[in-house]
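I have placed the structure first, in the form of structure tokens, so that the comments after it can refer back to it.
The values are calculated or read from the model by the stated rules, or taken from the named source; none is laboratory data. This structure is a prediction, so every number in the text was calculated from the model and none was measured. All Cβ positions, even for glycine, are placed from backbone atoms using ideal geometry, and neighbour counts span all protein chains on display.
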Amino acid sequence: MDKQSQETKLSRVEVEHIAELAKLNLTDEEKEKFREQLSAILEYAEILQHLDTEAIPPTATVLPLRNVIVADEVRPSFPHEDVLANAPEAEDGCFKVRAILE
């Protein structure tokens with residue numbers, strides 16, 4: 001590894017700025033740990049930027065494409081009594097839940 005790749009990419013001030021944007025309260029030890037880890041990620045991304053990818057076509061996925069749509073099939077549904085059997089509360093054939101909006 002050359003000297004440039006061993007240099008840390010992020011300063012402590014930059015880590016503090018990132019932490020502020022993410023609304024994180026970090027200790028001094030955490031700031032140093034994240035500075036090292038984030039710098040390593042940036043260094044790795046820089047290495048990837050230098051790879052020759054001209055012969056590789058752009059792809060959205062490495063998996064083969066397949067259709068997962070299933071045709072609708074009309075069939076009887078479960079009886080209301082069975083569906084509501086384990087409901088804590090039911091009213092007029094529907095689940096009754098506590099209001100969450102005030």
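Restricting attention to the stretch 28-55, and to residues there that are of a type in the set (S, T, N, Q) and part of a helix (DSSP H, G or I), which single residue is farthest from residue 14 (Cα to Cα)?
49
With the condition kept exactly as written, say whether any residue in the stretch 42-60 is at pLDDT 85 or above, farther than 30 Å from residue 94 by Cα and touching a Ser or Thr at 6+ places or on another chain (Cβ under 7 Å).
yes
Do we find a residue being modelled with pLDDT of 85 or more, of a type in the set (Gly, Ala, Ser), outside any loop (DSSP other than H, G, I, E, B) and out of contact with any Lys or Arg (no Cβ under 7 Å at 6 or more places or on another chain) anywhere in the stretch 73-80?
No, the stretch 73-80 contains no residue that is modelled with pLDDT of 85 or more, of a type in the set (Gly, Ala, Ser), outside any loop (DSSP other than H, G, I, E, B) and out of contact with any Lys or Arg (no Cβ under 7 Å at 6 or more places or on another chain).
Scan the stretch 38-66 and report the pairs whose first residue is charged (D, E, K, R) and whose second residue is assigned to a loop (DSSP other than H, G, I, E, B) and surrounded by 10 or more Cβ atoms within 10 Å (Cβ to Cβ), with Cβ atoms within less than 9 Å and a gap of 6+ or a chain change.
So the pair list comes out as 43/8; 43/9; 46/9.
Which members of the stretch 60-102 meet the condition of being aromatic (Phe, Trp, Tyr) and exposed (fewer than 10 other Cβ atoms within 10 Å of the Cβ)?
Result: 78, single match.
In the list 24, 84, which residue meets the criterion of being at pLDDT 85 or above and touching a strand residue (DSSP E or B) at 6+ places or on another chain (Cβ under 6 Å)?
Testing whether each residue is at pLDDT 85 or above and touching a strand residue (DSSP E or B) at 6+ places or on another chain (Cβ under 6 Å) leaves just 84.
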